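Scroll down for the structure; my scribbles are underneath it.
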Amino acid sequence: MEKTPDDVTELLLKWQEGDDDVSARLMPLVYEELRRLARNYLQRERADHTLQPTALVHEAYLRMVDSKSVTWKDRAHFYGIAARLMRRILVDHARTHNAAKRGGLEQKLILEEAHDLPAEAPVELVALDSALEDFARSYPRKSEVVELKFFGGLQAREISEVLQVSEKTVLRDWNFAKLWLCRALSENAL
Amino acid sequence: MHSEQAEQIADLVQRALERDPPERAEFLDKACCGDAELRREIESLLRQENQAREFIETPAYEHVADRLLDEAGKLVAGQLIGDYKIISLIGEGGMGEVYLAEDTALHRKVALKLIKAGFGTARFLRHFRNEERILAGLTHPNIARLYGGGIASDGTPYFVMEYIEGQRIDQYCRDKIVSLRQRLELFRKVCAAVAYAHQHLVIHRDLKPANIRVTPEGEPKLLDFGIAKLLEPETTAIAQQTVTLQALMTPDYASPEQVRGELMSTASDVYSLGVVLYELLTGQRPYRIKGRRPHEIIRAIAEHEPERPSSRQPAIRDQKSLKGDLDNIVLKALRKEPERRYASAAQLSEDIRRHLEGLPVLARKDTFTYRASKFIARNRVVVAAAALLFLTLLGGIAATLVQSRKAHQAKAKAEAINQFLSDTLNYTDPRTTVKKTENQIITIKDVLDKAANQLDKENFSAHPEVKAELNSILGESYLSQGFYDVAEKRLRLALEGSKPNSPAALKIKVSLGDAIASQGRNDESEKLYREIIPDLRAQFRSRDVDSNYLAIALLNLGVLRRAHGNSREAEELLRESLQLISDGSEKSTSTRSVVRGTLVLTLMDQGKIDEAVEKQREAVAELRQTSPNTADFGYALTGLGSFLTEKGSFAEADANLTEAEKIYRRLLGDQHMWLGDNLRLQANSLYKQDRLEEAQNKIEQTLKIYRTNSGPQYLNFATALMIQGLIFNQMGRSQEAEQVLRDAVRIRNENLPKEHFLSALARGALGQCLTTQKRFAEAEPLLLESYSTLKASQGAANPRTQIATQRLVALYEACGRADKAEQYRSELVSP
């Protein structure tokens, strides 16, 4: 668990330069940190059950990265990286744990059936991830919107700053992407 | 797909979305220009509109947060939580996981129970500290010990309990094919353990086979006593819904009042015992419930009458019929109305014994008791079935008192009185019980208040000694819970009913003095102790009171003398007290450590540092053996560290202080006042070693903790300011130093008499600061006054007086008055 900011900073820099091998080494470090932070957050804020992924990522970043030696070109880059990280982390996590946890989840649903189920059905992250990959081939920017909003937890206004487009464009992209992905997933399910 | 085509699709879909659905067809007719494939694609996407509305609107993180949390909570083998090394996961419950772990300090296996997120740490801890003492005090061969608890480095609270290698009681009975008689005898041991806990005012609240283990030797052991209650205030306040759900998941052993969310009592435990007994006899639960849905189970528990055990398939073949006694016994324990059940676990156990010996059982007489209590209810008299029982017991107690003082009869009396308390606790008719507002639990104070009220209503004209005895027990209980004013009231009532100068009266006075002093009336308390100590000595010699009472009286008078400034007289009293408490019983161990701790302080007051250090080393060594994982051990280490600082053995002082710091942080968290005190002492030591930056850091942490928890009225707050001022002064930041030191002096003046040595010390520190600033005229009166006050109250050789003397020498040297400097230098013990 003892990782100095230097390790992470160096890895992040390399990753940014396009060295993809780095991500395999980076992930566990950032993942551990995010997990730890998530746990703290949940512990503290269980009552109102609010969890801000942006805040979480930001805190993890501040803790792990020596911001003095990394000269991020702009805010955009940072959020881009963060959202990509979150996507990788969450999807990887879902991939390794889905199978094992399914039994438990079903049991939980049975126990909870007397109570309200969440209005929104749970999203199958692994399927969504591969659909998003397909989507990105035709719509690279729109897929970035999804990454930033869904995985990075950013608001439309922030996304418009990151991608240097109008807020209206962001919302249009988002609405279109949802239709496309929703269709892709329901086709998958059939 | 070409990107151009893709963009075209996206563009048209987006524009269609901006139109009302009826207008879309017309728009697409025009836009697609007869391109059927394009139009199909667009329409297929638009069909998703409703389904997509809520789709992925919640960030991905929230979908997995719970799962991440679950997984993050799991510990792996070899991981250290405090001093405990995780061996394996042995269970998962509603509250969290239970691990088998090794206590690395004591080299024994323990069960470590992590409390899941949701129980706010700080509040949980405060509650935990209150109850821990009571729970840790449960020492019964059939109850798994609670060793203590703490906070893991990530903030998760945990309990450490005796690890029991054993089988669940139901499985044990099934696998070992235990006979009916053996089952009943095993069950009676369980009842005895529950009864013991009830006498200590602890309710289990979650009795079920999973919490009753049988060791390979065939001894039952009860787990998790009182833990459910410990968690309750948090759960009701924070995670009401989650916990309701948890409670619903295994409600089979819950009592009707519990599933209805009403107040729980010892009667609720009796009910759960009834369910366990039912299962041991029949292998089945009392209710046939079709579904396993929570509300169905709740309804059955609250409304259905259980079937007679004899009507179910028997669990044991060699058993005689369950018909008759055992049916009645089980059903009596399972009554819906708490007041119609057995009045106590002991009574349930007793009835089983009577059955085993062929005697008539109480369960048959139920209808009479029931009718009687109904009659009372109709007559609007606020008494319970428990009170009836109490009245019948009275005759027995009185007879005991009158007859003789033989030991076993005294014991019977004590049991009868305990019975009264536990029956009072048992009395839970919601219409007449202490009804608190929703979500509140009954505290020990509530129970005591209820017992006190009931006691006042009873007529004891024939046996005032019994009433006195009960008042005295209540007074002691209030005293131990820190309710000094009510304690005093009860003890005075007890005193009125006792024979003057009897051993009983003297014992009451010992506690009364404590209650009085605890309310700040020191002179009154001192007068009382001076009166009774000669009598206690006489009666101790004639063996009418045991040494503990005399020892405690001496201790309390010693504390009062020291507070008065007379440490020498205090020392004598404490030495006598320490000598009296020589036996090794558990109770006297804790008294001894208090006496020794106080004695050490009086030695320090008089500058007898070497002896103080030696005594404190003994205390540390003893605690390191017996209870290394307690805050008390940290406290002893802290004390030793501070004395070693005075002695100038800084390296050893710092080692002790940092060891204590680690223990505090682990057990008490990062905000506890004891930690603040420890950091202050570290700062002091570092200051004396001229390690100013480090000292500065520690004292800032100290002040932060003090400010968060208390404020200037805390005795050591001004001490901390004084240390901070001296550090600033030494760093050359004399203006800041002066400001802080003036604050310290002001706070002392507001809270303490002018001649108190602490006030004198604060003025001395300010004087030192002014000397540094060469403001000699202002410094001199402060330093002279500080010196003479300290010399008068502490003696010239006292380390504090020595510091004051040193300061005067420094002043006179700085302003060039060599004669004066020489005069005071001659008073320094070691130059």
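Computed values, structure above
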{"quantity": "P(r) histogram, all alpha-carbon pairs of segment B:3-52 included - 10 Å bins from 0, percent", "calculated": "25, 63, 12"}
{"quantity": "Averaged over B:4-16, number of beta-carbon atoms from partner chains that fall within 10 Å", "calculated": "3"}
{"quantity": "Cross-link pairs beyond the 32 Å C-alpha cut-off, checked among B:Lys109/B:Lys507; B:Lys189/B:Lys615; B:Lys527/B:Lys754", "calculated": "B:Lys109/B:Lys507; B:Lys189/B:Lys615"}
{"quantity": "Ranking of B:Tyr484, A:Tyr139 by count of other Cβ atoms within 10 Å, fewest first", "calculated": "B:Tyr484, A:Tyr139"}
{"quantity": "Efficiency of FRET from Cβ geometry, B:Lys688 and B:Lys499, R₀ 51 Å, rounded to 0.05", "calculated": "0.35"}
{"quantity": "Nonlocal amide H pairs with B:Ile143, under 5 Å, H built at 1.01 Å", "calculated": "B:Leu222"}
{"quantity": "Average beta-carbon neighbours from other chains, 10 Å sphere, peptide A:174-187", "calculated": "6"}
{"quantity": "Order of A:Trp180, A:Trp174 under a 10 Å beta carbon neighbour criterion, fewest first", "calculated": "A:Trp174, A:Trp180"}
{"quantity": "Out-of-range pairs (alpha-carbon distance over 30 Å; input B:Lys450/B:Lys704; B:Lys647/B:Lys820; B:Lys662/B:Lys704; B:Lys221/B:Lys662)", "calculated": "B:Lys450/B:Lys704; B:Lys221/B:Lys662"}
{"quantity": "Summed residue charge, Cβ within 11 Å of B:Cys191's Cβ, Lys/Arg positive, Asp/Glu negative", "calculated": "-1"}
{"quantity": "Whole-number D in µm²/s for segment B:711-831 (Stokes-Einstein; Kirkwood sum over Cα pairs; 10 °C, 1.306 mPa s)", "calculated": "112 µm²/s"}
{"quantity": "Burial ordering of B:Lys662, B:Lys754, B:Lys608, B:Lys221, fewest other beta-carbon atoms within 10 Å first", "calculated": "B:Lys754, B:Lys662, B:Lys608, B:Lys221"}
{"quantity": "Residues with amide H under 5 Å from that of B:Ile90, placed H, sequence gap 5 or more", "calculated": "B:Val98, B:Tyr99, B:Leu100"}
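Each reported figure results from applying straightforward, stated rules to the coordinates on display, with no laboratory input. Just so you know, these numbers come straight off a predicted model, no measurement behind them. Counting neighbours? That spans all protein chains shown, and the Cβs are built from the backbone with ideal geometry, glycine included.
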